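The values are calculated or read from the model by the stated rules, or taken from the named source; none is laboratory data. Because the structure is predicted, anything quoted here is derived from the model rather than measured. Glycine gets a Cβ as well: all are built from the backbone with ideal geometry, and neighbour counts include every protein chain shown. The accessibility values were calculated without ligands, DNA or RNA, using every heavy atom of the protein model including side chains. Shrake-Rupley method; radii C 1.70, N 1.55, O 1.52, S 1.80 Å.
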Amino acid sequence: MELSVETAVRICPVAFNNTDMVCVQSNTISNTIHLANAQSYPVNYALPMDCCQNTVFTTTVAPLVNYLVEGCDVSVVTLGQSGTGKSYTLLGPGFHCASSESEHGIIPRFIREVFTKMKQYRDRNWSVHVTWSQICGENVQDLLGVGSIECGNISDVFQLIQLGMSNIAPKCAHTLFTLTLEQQWVVDTTVQHRVSTASFADLAGSEKVLVYDSNGMMQTIPTDLGIQTLQRCIMTLSETCGTQYNHYNFIPYTQSVLTTLLKDSFGGRAKTVVMCCVSPLIQDFTETLYTLQLALRVQMIKNFVTVNSYTTFESLQENFDVFGLQFAANQLFKLVSNAEELFQRLVSNEFLPKSEQEQISQWLMLKQECEDCLSENSEPHRSLERIEEEIEGSYDSSESEAIEEEEKESLLDKVQVLMEHFRINTNKLVSQANATDLMLNSCTKESVNSSNNEYHLKGARGRRGSIHSAEEFHPVLSLNASKISEEYTTQENDQKSTTPLPYESKKKILKQIVTALELNQKKISDLEKTIKVKENLMERLLKHKDTKTSAHHKFEQKCQMLRKEYKNAEVKFLQARLQKNHHLEGKYKNEVVALEEKLRDTESLKNITEDGNKLLELESSLHTSKKQLEKLKKYKQEKEKYKSIYEKQIKEEKMKMSHSKGSCESFDKQKTPDSKVVALLNKSNATMNSNVSLNNEELECLRHEIRNLRKTRDYLLEQRYKIDLKSQNKKILNDSEERKLLQYEEAVEAIDLIIEYKNSIICGHQPLTDKVLEEQSDKMLMERFLKLSENEMRILLHKYFEKIIDLRSSSKKLEMQILDIESQHENLAYRVQNLSHTLQLVRSEAERRIVSLQQQHEDKLYLVLRNLASDNGENDRGLSRVMGSKHVTLQVAGASKQVDKKLIARFTQYRQETLPRQLQTVMPAAPQAKVTIEKNKIILQKTNKN
Ligand SMILES: Nc1ncnc2c1ncn2[C@@H]1O[C@H](COP(=O)(O)OP(=O)(O)OP(=O)(O)O)[C@@H](O)[C@H]1O
């Protein structure tokens, strides 16, 4: 169910002599808190100022007991200024079991109620566990020292509360008391389980600073990180109220330990009541206002309260330590039997008084009853299963996640290396097999070719050859070094399917590895430089730490003093307003404004001296850089390994290729194409003689025709070669030349086919084409063709020839376009790679510059702070030395004020000049102002100075 977070406001009682300073009142009927400035704040429970502890509990928290027993999580959070009774409300005055129960706070009352409720459900098995921790900054400390403790009764819990209270750190810590209630009961054959938690958070009051937000509005920000983050969570949750915030990704819970622990209380699954404790005094007006404004936001938050229950079916007996129980039972039986013997002897003895004799007889009877009971009850007893503790993600889960992530990464790396080995070995085997194939193929092809024209081998690819092989069109892959191994895989997969020998691709991959290695080396040296710069800065920060701390301390003191002055001025101002004394009101208002500005400046100075997380951040950034470096070095090692493997393979293949070429050449030398043809013809003659299908005259005629055809073919090739030569000499071919080239190619191919046909006739083979024609062609169409006259046939052939040339030409154009696109793609990939590399270099250069600027800034800051840490007079001189004084715009009459104002103005200016731009944007910019004193009045004038 969706339930709003409830708020209650308790006003801290004031001493009698202080009642005229009261500026807060509560209306218990309308549940509204009224302020002296006529503002009013609606809340769920407006408690009266003289409200007793019992009323506070019964009105606000008592209903939560039922929720807890039903299995829902409940939460009580106390908020407010320091000293307004938060701990008093939760625990009571210095809680002690012996102290009056009427003074007991919410926690002891709640515990008592819970135990009373537990008694009402006798059929259930209950267990109560208690934990109590305190949160100091970002550290969590166990107040009980032993984590979660099981408590069998109320006094156990009260004793633990006493123990915990003695361990609470004064002031600075938030505390979180949790009570976990487990209940189990059997319904028919099932076991019902409910686990619910009641948490009580006592949030320590935090100091506030005034800052200007982006709209120039003054904002109060708590200095405690936990409260600050809680404020942000509350703001975000209240702004998103009504919308879906199921995943809470944008709620900054994880930014502090406190909010991580309170996640369920705000926007989570708990039924929550926020107890706001406020001071009614005028002097605490700002703090009260802050608390009430936060309470207003809290009421807008909706929690989704659920019952934490589950059911189990198995018998629970198995889960107990059966052996242990049996052993204990046996021992007990033995003891009881021994006792029985003893008792019987005693009873028979007359020495015992009668009352004791009776007691013993009673005991013996009870024992007999128990034995009877056990022997009768053959059914095993049902016992309850132990609830397994659910380990929820704690605030340090990110660390364990990081470790897991690291382990995963190293495992992935190992898998990658193994896969790479496997792939290389497979490729080796495949390429060995392919090389053998190629050798055989090339020799066979050469033997069939009837011409020895070099240009023929080079140029005429034939009709099917016009479609380029995948190897020729191999896309140039992106050279992104980080994805290089992936690319090898794709590339090599392509190769396996398209080319027999991945030699060229291997060369390409090797080239890519070399490029990647070069880039990697640059990155390594770049990162090494960055690491050095960071280490230097770190050294400096550590060196300057003490000076900064002491300066910070001084500014802190000054801030506290100014805050007091500011509060006094504010109180005077409010009093003047209440008294409607306009003159004084104006005067104090000016004073408040001036003090506010001064306070802000001093806060800025204090913030500058604050190291905050700078050192930690730098440390973690250094750590990250070192890790990156490690990764790059690992990557380098791996790639170098692959490089040497590829180099070796390429070398081996090169040797194999030259060897195979040599063997093919020797084969060619032995059997020139002419001799091959002669051999073929001889073979065909032999076949022919056996077939005796053609006479000698017809055979000679066929040979003569073949010779003529070859001559024509050689002439055509010669012509084609001439055009080829022209294009090789970088002369662009015109359209008709291009077309001629294709015509020659097509004609050569046609003549080859005719020669092949005639050769097969000479050999006495049934020409394949005839078979095909008989089986597949449309007989009607064939008959028509045969009826065509010679002239008509010639025209038809010519038309087909032209059509083929057209097709070839358009296909060639398409190929050219594809090549063009491929080369564009290659260029773009190269440019992208170059740009990303340059970007990386620029980025790391910028990072180095920022760090070195920070270093300069640190050095100067150190000088300034060293001067500030000494006495005031020295301060001024020290600052003058560092910064000069030409831009000072403040003119204040009082000497000490002059020093302060000058200091601030110079420091602000110095900060703006020297801080890196990023830091300037983070820090609030102090407005340029001219301050003068006239007739005891501080006059502030805003100056527009660019
Ligand atoms: N309603 C009250 N009735 C009686 N005494 C009170 C009441 N509220 C507060 N006090 C007393 O005021 C003092 C300060 O209260 P308490 O320590 O509970 O404040 P706090 O808000 O918890 O302060 P801090 O945030 O500094 O821990 C205590 O001595 C407490 O007993």
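Arrange the peptides 260-267, 101-108, 504-511 so that the one whose residues have, on average, the most other Cβ atoms within 10 Å appears first.
260-267, 101-108, 504-511
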Counting only protein heavy atoms and using a 1.4 Å probe, what share of the accessible area of segment 511-620 belongs to carbon plus sulfur, as a whole percent? 52
Average silhouette area of segment 62-137, convex hull of alpha-carbon atoms, in square nanometres: 6.7
Treating only Lys and Arg (+1) and Asp and Glu (-1) as charged, each at its beta carbon, one finds that segment 141-259 has a dipole about its Cα centre, in Debye to the nearest 20, of 260
Simple spin-label estimate for Glu737 and Lys543 in nanometres, 7 Å along Cα-Cβ: 7.4
Convex hull of Cα atoms in segment 505-629, direction-averaged projection (nm²): 12.7
Excluding ligands, DNA and RNA, the carbon-plus-sulfur percentage of the accessible area of segment 2-312 with a 1.4 Å probe reads 51
Give me the accessible area per residue for segment 2-312, probe 1.4 Å, as a whole number in Å². 42
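Once you have a ≥ b ≥ c as the square roots of the Cα gyration tensor eigenvalues for segment 35-173, tell me rounded if a/c is under 1.5, and otherwise prolate or oblate according to whether a/b is larger than b/c.
oblate
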So the number of lysine pairs in segment 2-312 with alpha-carbon atoms under 14 angstrom apart, 8 or more residues apart or on different chains, is 4
At Ser760 and Met793, where each label point lies 7 Å from the Cα along Cα→Cβ, what is the point-to-point distance in nanometres? 1.8
Averaging sequence separations of C-alpha pairs under 8 Å and six or more residues apart, then dividing by the length of segment 103-258, give the relative contact order as a whole percent. 20
Report the gain in length on full extension from Lys722 to Met782: 0.36 nm times residue separation, minus Cα-Cα distance, nm rounded to one decimal. 17.7 nm
